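Report on the following structure.
Values in this text are rule-based calculations from the coordinates and carry no lab data. Because the structure is predicted, anything quoted here is derived from the model rather than measured. Virtual Cβ from ideal backbone geometry, glycine too; neighbours counted across all protein chains shown.
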Amino acid sequence: MTTINRKRVAVLISGRGSNLEALIAAAREPTYPADIVLVVANRADAKGLERARQAGIAAAVVDHVSHGSDREAFERALQDVLEAHQIAFICLAGFMRLLTPWFVTRWQGRMLNIHPALLPAFKGLDTHARALAAGMKIHGATVHFVVAEMDSGPIIVQGAVPVFDDDTADTLAARVLAVEHQIYPLALRYLAEDRIQLIDGRCRVADTEPLDGTLIVPQTIR
Ligand code: GRF
């Protein structure tokens with residue numbers, strides 16, 4: 001039997017933790033190449049901390065408030081926790097802190113983020129309301145490498161969904177979230193299996209194909 005060298009992953013959260021849950025579920029699969037060994041929240045009330053504890057995963061709070069406006073002091077505290085757990089990769093999953101170049105450089109090529117829009121469209125907050133306001137027919141989510149500029153690193157995986165005429169920001173968010181839960185474990189798999197090659201700022205993932213074809217919205221029904 002071949003043994004896989006599973007990579008040690010930390011998931012950083014600020015809230016609900018549904019993407020964390022999807023990553024934990026994926027990592028239960030014996031052939032998955034990564035283990036979620038640490039969850040760090042910047043707020044003690046982050047709901048995702050409870051999910052971590054229930055799954056028997058180490059959960060830490062590194063509180064940004066106690067570090068005031070000193071972002072690097074907060075990040076040094078974070079870095080200490082990550083090093084103590086010998087973390088190989090970081091997944092940001094609803095982590096609502098901007099990271100400084102000091103931290104981002106240390107984790108270059110080893111830190112992922114999930115964003116609820118098809119980047120580079122709709123960087124920042126309120127992506128679903130903005131996609132509706134823009135009259136988008138297709139919307140989605142993106143997993144990308146983290147770089148110093150927000151929501152801007154090389155794209156690893158995207159998932160798309162149709163936008164319906166009667167969507168609200170909430171119904172659209174729910175449809176996108178279901179896709180997030182599929183693409184985040186996939187992107188982490190690609191990273192942990194060392195299948196991502198960065199060529200001129202674009203990611204190429206070995207042994208993959210865009211199998212699903214074309215999404216056209218709307219389509220005639222009669
Ligand atoms: C997700 O929509 C993610 O794309 C964004 O923040 C949200 C986090 O949700 N970055 P959850 O905490 O994973 O449920």
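Ordering I138, A148, A22 by Cα displacement along the dipole of the chain toward the positive end leaves A22 in first place; charges were set at the Cβ atoms of Lys, Arg (+1) and Asp, Glu (-1). Positive-end ranking of V9, F103, L92 along the dipole of the chain, with charges on Cβ about the Cα centre, is headed by V9.
With contacts taken as Cα pairs under 8 Å and at least 6 residues apart, the chain reaches a relative contact order of 18 percent. Relative to the globular-protein estimate of 2.2 N^0.38 Å, the Cα radius of gyration of the chain stands at 1.04. Sorting S152, S14, S69 from the fewest to the most surrounding beta carbons within 10 angstrom yields S69, S152, S14. Backbone geometry of the stretch 16-31 corresponds, through the Karplus equation with coefficients 6.51, -1.76 and 1.60 at θ = phi - 60°, to 3J(HN,Hα) couplings of 3, x, 6, 5, 3, 4, 5, 5, 4, 4, 4, 6, 6, 5, x, 8 Hz, x marking Gly and Pro. Per-residue ellipticity at 222 nm computed for the chain from its helices equals -9500 deg cm²/dmol, with DSSP H segments shorter than 4 residues left out and the rest contributing -39,500 (n - 2.57). A simple charge model with +1 on the Cβ of Lys and Arg, -1 on the Cβ of Asp and Glu and nothing else charged puts the dipole of the stretch 113-208 at about 200 debye relative to its Cα centre. In straight-distance terms, cross-link reach from K7 covers every one of the aspartates and glutamates whose alpha-carbon lies under 15 Å from its own, apart from those fewer than eight places away in the same chain; here that gives E29, D35, E83, E193, D194. Taking 17 Å as the straight-line reach from the Cα of K47, the aspartates and glutamates in range (excluding those fewer than 8 positions away in the same chain) are E21, D63. Projecting the Cα atoms of L186, F164, I114 onto the charge dipole of the stretch 113-208 (Cβ charges, centred on the Cα centre) puts L186 farthest toward the positive pole. Ordering of 195-207, 102-114 by packing is 102-114, 195-207, highest average first (other Cβ atoms within 10 Å, averaged per residue). Length, then width, then depth: along the principal axes, the Cα atoms of the stretch 113-208 run 41, 25, 16 Å. Computed packing ranks the peptides 19-26, 125-132 as 19-26, 125-132, most packed first, by mean other Cβ atoms within 10 Å. Counting only DSSP beta bridges with both residues in the chain, the antiparallel share comes to about 45 percent. What the Cα convex hull of the stretch 152-222 gives, in volume per residue, is 125 Å³. Each principal axis of the Cα cloud of the stretch 1-107 was taken in turn, and the coordinate range along them, longest first, works out to 51, 28, 19 Å.
Determine the dipole magnitude for the chain: charges of +1 sit on the beta-carbon of Lys and Arg, -1 on that of Asp and Glu, nothing else is charged, the reference point is the Cα centre, and the result goes in debye to the nearest 20.
200
Angle of helix 169-192 to the longest C-alpha principal axis of the chain, folded into 0 to 90 degrees and rounded to 10: 50°.
Each 10 Å bin, from zero up to the one with the longest distance, holds this percent of the alpha carbon pairs of the stretch 53-105: 20, 57, 21, 2.
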